[in-house]
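Chemist: Sharing a structure here in structure tokens format.
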Amino acid sequence: MIMAGGSGTRFWPLSRKARPKQVLPLFEGQTLLERTAQRFEALSVSTRLWVVTGHHLAQATRQCLPQLAPADGDGGLLLEPEARDTAPAVALAAARVLAIDGEDAIQAILPADQIIQPLDRFQAILHAGIDRVTESERLLTLGIQPTRPATGYGYIERKGLAHTQDGCDFFSVERFVEKPDLARAKEYLARGGFYWNSGIFLWRIGSLLSELEKHAPDFHKAILLMAAAFQKGDQAGADEIFRTLHKTSIDYALFEKSDRVEVLPADFAWDDVGSFATLPGHLPKDHAGNTRSLPDAAILLARDARNNVIISDQPHTIALLGVEDMVLVQTADALLLCPKARVEDIKMLVEDLKELGREELL
């Protein structure tokens, strides 16, 4: 299950409601959504690929992944009637799988906007996780070893070693931590035993249902009712049940409460591509460290310009003189210029546009 309903507000003005960052062809002509789907193609287990997203993104999603079947037993596009955070999205996805494959199906949940390398290591860890949740009643989350005191990620603190399998260690979870301030992030990095929360989950459907029945009975009931609706071909009924679920994350609804959660440390390279400042690690640079993503007809002139990010979907000439550590993004109807250090605040500009009633720019 690929979760692809995000709006990508920190990638405005390139990212819009109908064309968020996961469907932007920024990476050698490929989108993040395409790259995420490709990670499953070489798995040596039988898989069905589903993409969970909103109705407004159905067309863009199909353009990225034309191989998606209709929403039937072979996998396909699963549309949320409205955006309600990750717990309702997980419930919808689990209900569809339960209706088709029953409680013994193994479900992997991945966000659509991550870069993971190398592929073979990702698949090896995923196989180890699949084995673990098949043979136990555990709910599994993948943790990423922090490389810096990041404040944009949630953290997972591990407890003792719970299991070793296929060369991988599985740890019990002490707690989940919301995005920390810089001081606490530095403390976590220095202490060790903390991982970034990747948002990648694995479980057997029956295990998920059992824990939801204990800790989030409204979600447990909704999954059973939606599954029954799906089996009868009643999409409208499933949508109506979905709308009764309150907006919350799967971390808060279940993972922070369950004692059956384990974290599997993942040693592959990982980036959630959360803002323009993360792009220099994934796009070409010139000798001065300027990162670019431009159409073939565009021209970039840079003199005494260093470590900037320049992105445009227009065939224009862009000239930089005497600037560094800036982000410049150009579209047909908007231009963004800001320091790299302020990219997390781009979402505030989106809120300003909402207040101005400029829906055509969102």
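Chemist: Specify which labelled value, from [x] -0.32, -0.42, -0.80; [y] -0.39, -0.50, -0.82; [z] -0.30, -0.39, -0.73, agrees with log10 I(q)/I(0) by the Debye sum over Cα atoms at q = 0.07, 0.08, 0.11 Å⁻¹ derived from the coordinates of the model shown.
Modeler: [x]
Chemist: Pop a pseudo-label 7 angstrom from the Cα along the beta-carbon direction at both Tyr252 and Ala83 and give the gap in nm to one decimal.
Modeler: That separation, rounded to one decimal, is 1.6 nm.
Chemist: So what J values fall out for region 234-248 if you push phi through Karplus, 6.51 cos²θ - 1.76 cosθ + 1.60 with θ = phi - 60°, rounded to Hz, Gly and Pro as x?
Modeler: 9, 5, 4, x, 4, 4, 5, 5, 4, 5, 7, 7, 7, 6, 6
Chemist: Based on a Kirkwood Rh over C-alpha pairs, give the Stokes-Einstein translational diffusion coefficient of region 1-143 at 25 °C and viscosity 0.890 mPa s in µm²/s. Mind dumping the intermediate values first?
Modeler: On the way: Rh = 15.8 Å.
It diffuses with D of about 155 µm²/s by this estimate.
Chemist: Would you mind working out the magnitude of the charge dipole of the chain relative to its Cα centre, with +1 at each Lys and Arg C-beta and -1 at each Asp and Glu C-beta, to the nearest 20 Debye? The partial results should precede the final answer.
Modeler: Details: 39 positive and 50 negative charges, 108 e Å.
Here the chain has a charge dipole of around 520 debye.
Chemist: May I ask for the angle, rounded to the nearest 10°, between helix 86-101 and the longest principal axis of the chain, with both axes built from Cα atoms and the value confined to 0 to 90°?
Modeler: Result, in degrees: 50.
Chemist: Could you state the angle between the C-alpha long axis of helix 182-191 and the longest principal axis of the C-alpha atoms of the chain, as a value from 0 to 90 degrees rounded to the nearest 10?
Modeler: Taking the Cα atoms of the chain, the angle to 182-191 is about 60 degrees.
Chemist: May I ask which residue of Ala105, Ala60, Gly281 lies farthest towards the positive end of the charge dipole of the chain, with charges of +1 (Lys, Arg) and -1 (Asp, Glu) on Cβ and the Cα centre as origin?
Modeler: Gly281
Chemist: Mind checking which of Thr36, Thr291, Thr244 has the largest fluctuation in a GNM of the chain, springs on alpha carbons under 10 Å?
Modeler: Per the Cα network of the chain with a 10 Å cutoff, Thr244 tops the list.
Chemist: Restricting attention to the alpha-carbon atoms of region 1-66, what are Rg (one decimal) and Dmax (integer), both in Å?
Modeler: Reported Rg and Dmax, both Å: 12.2, 40.
Chemist: Summing -39500 (n - 2.57) over the DSSP H runs of n ≥ 4 in the chain and dividing by its residue number, what mean residue ellipticity at 222 nm do you reach, to the nearest 500 deg cm²/dmol?
Modeler: Values: 9 runs with 102 residues, N = 362.
My calculation for the chain gives -8500 deg cm²/dmol from helical runs alone.
Chemist: Less than 14 Å from a label point 7 Å out along the Cα-to-Cβ axis of Arg175: which backbone N atoms in region 192-209 qualify, by residue?
Modeler: Counting only backbone N, you get 194-195.
Chemist: Quick one: longest stretch of the chain between exposed loop GluC sites (Glu not before Pro), exposed meaning at most 16 other C-beta atoms within 10 Å and loop per DSSP?
Modeler: Counting at most 16 other Cβ atoms within 10 Å as exposed, the longest clean stretch of the chain is 257-362.
Chemist: Counting only Cα, what are the radius of gyration and maximum Cα-Cα distance Dmax of region 247-305, in Å?
Modeler: Considering region 247-305 through its Cα atoms, Rg and Dmax are 20.0, 57 Å.
Chemist: What percent does the relative contact order of the chain come to when contacts are Cα pairs within less than 8 Å and at least six residues apart? Present the calculation step by step, with values, prior to reporting the outcome.
Modeler: On the way: 694 pairs, mean separation 68.1, N = 362.
Normalised by residue count, the contact order of the chain is 19 percent.
Chemist: Taking 22 Å as R0, compute the FRET efficiency from the Cβ-Cβ separation of His282 and Glu187 and round it to 0.05.
Modeler: Numbers: r = 29 Å, r/R0 = 1.32.
Using R0 = 22 Å, I get an efficiency of 0.15.
Chemist: Send over the Kirkwood Rh of region 276-361, from the inverse of the averaged 1/r over different Cα pairs, rounded to one decimal Å. Walk me through the numbers on the way to the answer.
Modeler: On the way: mean 1/r = 0.0732 Å⁻¹.
Computed over Cα pairs of region 276-361, the Kirkwood hydrodynamic radius comes out at 13.7 Å.
Chemist: Also, I was wondering about something else. For the chain, modelled as a GNM with alpha-carbon contacts under 10 angstrom, which of Ser249, Ser258, Ser46 fluctuates the most?
Modeler: Largest GNM mean-square fluctuation: Ser46.
Chemist: How far is helix 205-215 tilted, in degrees, relative to the longest principal axis of the Cα atoms in the chain, given as a value from 0 to 90 rounded to the nearest 10?
Modeler: Approximately 90 degrees, to the nearest 10.
Chemist: Per the Debye formula with a single identical scatterer at each Cα and no solvent contribution, what log10 I(q)/I(0) holds for region 103-180 at q = 0.11, 0.15, 0.21 Å⁻¹?
Modeler: Calculated log10 I(q)/I(0) at the listed q: -0.34, -0.64, -1.23.
Coordinate-derived values only; no laboratory data. Because the structure is a prediction, the values reported are computed rather than measured. Using ideal geometry, Cβ is built from the backbone for each residue, glycine included, and neighbour counts are taken over all protein chains shown.
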